[in-house]
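Structure record follows, encoded as structure tokens.
The values are calculated or read from the model by the stated rules, or taken from the named source; none is laboratory data. Bear in mind the structure is a predicted one, so any value in this text is a computation, not a measurement. Quick reminder, even Gly has a Cβ in these numbers, built from the backbone with ideal geometry, and neighbours come from all protein chains shown. Calculation scope for accessible area: heavy atoms of the full protein, side chains included, ligands and nucleic acids excluded. Shrake-Rupley method; radii C 1.70, N 1.55, O 1.52, S 1.80 Å.
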Amino acid sequence: MFNDISDMIKIAELYKNSDAWIESFLILSISLFIGASLILYLLIIRSRSNNIRKEKLRIEYNILIDKLMFSVVFQDTPFSAIKEDKNYSKLSNTTFFRSILTESIINLHTNYEGIYAQKLEQFYKESGLINDSFKKLKSAKWELKCKGITELAELNINEAFDSIVEVAKAKNKTLKITAINACIKLAGTKGIVHLTAHPYPIDDWTQVNIINAFKKHDIGDIRGVELLLESQNTTVVTLGLKLIKELKLSQKIPHVEKLVARTPDTLIQNEAQNVLQALTI
């Protein structure tokens, strides 16, 4: 009986003091909100000022880089002379400058061929920018991996091929497409033969990207495409059939006929027969 009365008194006191709790809670909440807003505002200001500073530096660096690249590509200036340039030697070890320099070389390389492209590739190696790209390739972040792969493939670094093939086995779709496209650019059909043992399904979007990579790089040597037809992975077989059809590889007809004869998969049979029909018309 006494316990019940005591409990009722405690509840009554709690309700009596509830206004004080609510007031304290509101004051604390408002204080936290104001503090968080102030911190967010300062972070935005800081981020904006950093972006403005970087943009100014980018403009400044691009002027210097344009002069350097002109001397390398058109004036045959050796890297030993470039190293003696005060501005270059001062900035060559800074991450942001090296990043912009790499971007500039990539952009130029996509627009030049022959001896000019080779000069850019040589500078890329001698300047150590190639090591930056390999570091990106080894990064745990897939975005950096993609960037490193693109740089190495664009500048025809064939020694990166084996490492890129390993990355092509990744489950991340974007990373996989980037790596396979790079393999195709560096080694043609050799860049996709490894897919014969690929354990995961290759979706339609990835297949379209692979076919477009062959068309884009105008691969002349198509030896090995038929090996895809021997895969236990039906999506790899489908990719092989699509490549043979899209690239009009009529010399691969005997391999497609063998596939029709041996495969128990009705869908693969039908697709292979469609390829035969398209190539023989």
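Brief remarks follow.
- Count of segment 103-116 residues which are over 22 Å from the mean Cα position of the chain (by Cα) and either in contact (Cβ under 8 Å) with a residue 12 or more places away in the chain or open to solvent by 70 Å² or more (accessible area, probe 1.4 Å) (or both): 4
- Of the criteria (1) of a type in the set (S, T, N, Q); (2) in a helix (DSSP H, G or I); (3) surrounded by 14 or more Cβ atoms within 10 Å (Cβ to Cβ), which one Asn131 fails: (3)
- Test: residue in segment 59-66 that is surrounded by 10 or more Cβ atoms within 10 Å (Cβ to Cβ) and in contact with a Leu (Cβ under 6 Å, 6 or more places away or on another chain): yes
- With respect to (1) open to solvent by 20 Å² or more (accessible area, probe 1.4 Å); (2) within 26 Å of Ile52 (Cα to Cα); (3) aromatic (Phe, Trp, Tyr), the lone exception for Phe97 is condition (1).
- Given (1) in a helix (DSSP H, G or I); (2) open to solvent by 30 Å² or more (accessible area, probe 1.4 Å); (3) touching a residue at least 24 places away in the same chain (Cβ under 8 Å), index of the condition Lys171 fails: (1)
- Within segment 59-81, tally of residues that are under 12 Å from Phe97 (Cα atoms) and touching a Phe, Trp or Tyr at 6+ places or on another chain (Cβ under 8 Å): 2
- Selection status of Val256, modelled with pLDDT of 90 or more and outside any loop (DSSP other than H, G, I, E, B): yes
- Residue satisfying all of: in segment 266-281; in contact (Cβ under 8 Å) with a residue 12 or more places away in the chain and of a type in the set (A, V, I, L, M, F, W, C); surrounded by the fewest Cβ atoms within 10 Å (Cβ to Cβ) among these: Leu267
- One residue stands out among those in segment 56-93 that are of a type in the set (Asp, Glu) and not in a loop (DSSP other than H, G, I, E, B): the one that is farthest from Ser104 (Cα to Cα), which is Glu84.
Conditions tested, residue by residue: (1) within 21 Å of Glu154 (Cα to Cα); (2) in contact with a helix residue (DSSP H, G or I) (Cβ under 8 Å, 6 or more places away or on another chain); (3) β-branched (Val, Ile, Thr).
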| site | (1), (2), (3) |
| --- | --- |
| Asp85 | no, yes, no |
| Phe97 | yes, yes, no |
| Thr102 | yes, yes, yes |
| Leu108 | yes, yes, no |
| Tyr112 | yes, yes, no |
| Lys119 | yes, yes, no |
| Gln122 | yes, yes, no |
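- Scanning segment 187-243 for residues that are open to solvent by 10 Å² or more (accessible area, probe 1.4 Å), aromatic (Phe, Trp, Tyr) and in a helix (DSSP H, G or I) yields a single hit, Trp205.
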